[in-house]
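First comes the structure, then the notes that go with it.
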Amino acid sequence: MKSSTIQQNPTSDLTSFKNLLSSSGKIENPLSSTFWNMVRKEISDHVRSWRFIILLIIISLTCLGSLYVSLSGFAEVVKKSASNDEFFFLKLFTQSDGTLPSFFVFVSFLGPLLGISIGFDAINSEQNRGTLSRILAQPVPRDYVLNSKFIAGTIVVAIMFFSLSFLVIGTGLLALGIPPTPEEFLRIMVYTLISVIYVSFWLNLSILFSVRFKQAATSALSGIAVWLFFTVFYPLLMNLVLKGIQPSRYALPRTIFRYETLKYGLTQIMPNELFSEITSTLLVPSVRSLGPLTQGQIQGAIPGPLPLGQSLMVVWPQLTGLIALTLICFLISYYMFMRREIRSR
C-alpha cells in the first residue's frame, strides 16, 4: 500500500509545480520582463535628459519654420498641382522659397546630431560610474544592456519623427483644407520610417564609439568628426579628384559616361547622400532614375509620376546600403561589447 501511494506521475507533478510557481509570480519570461524594463528605463532617461529636450526644441522649431516657408507660397502651387493632378501635398516636405531649407533637408542635417547625442555615452558613462558592473553582476545577459540601449534610442527617434510628420500633415490639412491622398500618405509614412533608419545608423555609430572609447567626450567627438567628414570634407576631396580626371566636352560619349558612372559611384559612399536620394525619390514621384543614363535608355521613356512600388524599386540599392551600414555598425559594437572585460571599480 505504501509503494502504491508514493508512486505518482512525475510529469503531472512537474506541471503542477510550474503552475504553482507561475501563479505565485516566481516564474517570469525574462524577455518580456527584464529586457523591456531596461528598455523603459532607457526611454525615460532619454526623455528626461536636457540634451534630448534641447535637441527636440531645435528640431521642432526648424521644422515648423520650414513648414511656414512652404505654406507661405503654396497658393500658386495648389492651383498648378490641382490642374495637373500632381502630388501637391508632398510639397510640404520639399518646397522652399530659398530663405530656409525644406523639411527633409533639415531632417537630413539635424538627424545625425540627434543620433550621436543619444548614443555617444551609452556604454562608457555606465562603466565610468560603475553601474555597468553592478548590472552585469545580476542574472542579466550581457547583450540585454546593448540591445536595450539601441531599441530604446530607436523608439525615441521613431516617436519623435512620426510626431513631426503627423504635425506637418495636420498643419497642411488645416491650412489647405484638402486631405492627402492614400498614395501621398503612404509615401510620407515610408519616408518617416526611412528617416528613422537613417538616424539609427548614426545612433549605432555613436554606440560603437561609446563601446570603443572610455571617455564620453572622445566618443562624441569621433561621431561628430565622421559626420563632418561625410558632410563637408569628403565632397571636397571627391571634387578635387574628379576635377583632375574630368574629360573634355569633346571626348567620346563612352568616356563621358564612364566618368559620370565613377562620379555617381563615389557619391554612394556617403550615408547622407543615400538618404537624400531615397527621400527625393519618395517625395518627388516624378523622379524616375538616379544614376547616369545613356541616350538609348532615355529614348522612348514616358515622363510622369511613378507609383510607390516603382519608386521603392528605384531606390532599393540605396535603401539596402543604408540598412547594411546600420547593421554593420550594430554587429561591430555587439562583438566588441560581448568580448569586453568589465571589472568593478
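Worth a mention:
- R0 of 41 Å, Cβ-Cβ distance residue 320-residue 215: FRET efficiency to nearest 0.05: 0.75
- Taking label points 7 Å from Cα along the Cα-to-Cβ direction, residue 268 and residue 224 give a separation of 3.3 nm.
- Legend: ranking of residues 202, 316, 50 from fewest to most surrounding C-beta atoms inside 10 Å; resulting order 50, 316, 202.
- Whole-Hz ³J(HN,Hα) from phi, Karplus 6.51 cos²θ - 1.76 cosθ + 1.60, for the stretch 54-70, glycine and proline x: 5, 5, 4, 5, 5, 5, 5, 5, 5, 5, 5, x, 5, 5, 5, 5, 5
- Estimated FRET transfer efficiency when R0 is 22 angstrom, pair residue 327-residue 99 (beta carbons, to 0.05): 0.05
- Peptides 105-112, 56-63 ranked from most to least packed give 105-112, 56-63, packing being the mean of other C-beta atoms within 10 angstrom over each peptide's residues.
- Order by protection proxy (mean Cβ within 10 Å, highest first), peptides 234-243, 220-229, 190-199, 39-48: 190-199, 220-229, 39-48, 234-243
None of the figures in this text is laboratory data; all of them are computed from the coordinates on show. Note that this is a predicted model, so its numbers are computed, not measured. Positions of Cβ are generated from backbone atoms using ideal geometry, with glycine treated the same way; all protein chains shown enter the neighbour counts.
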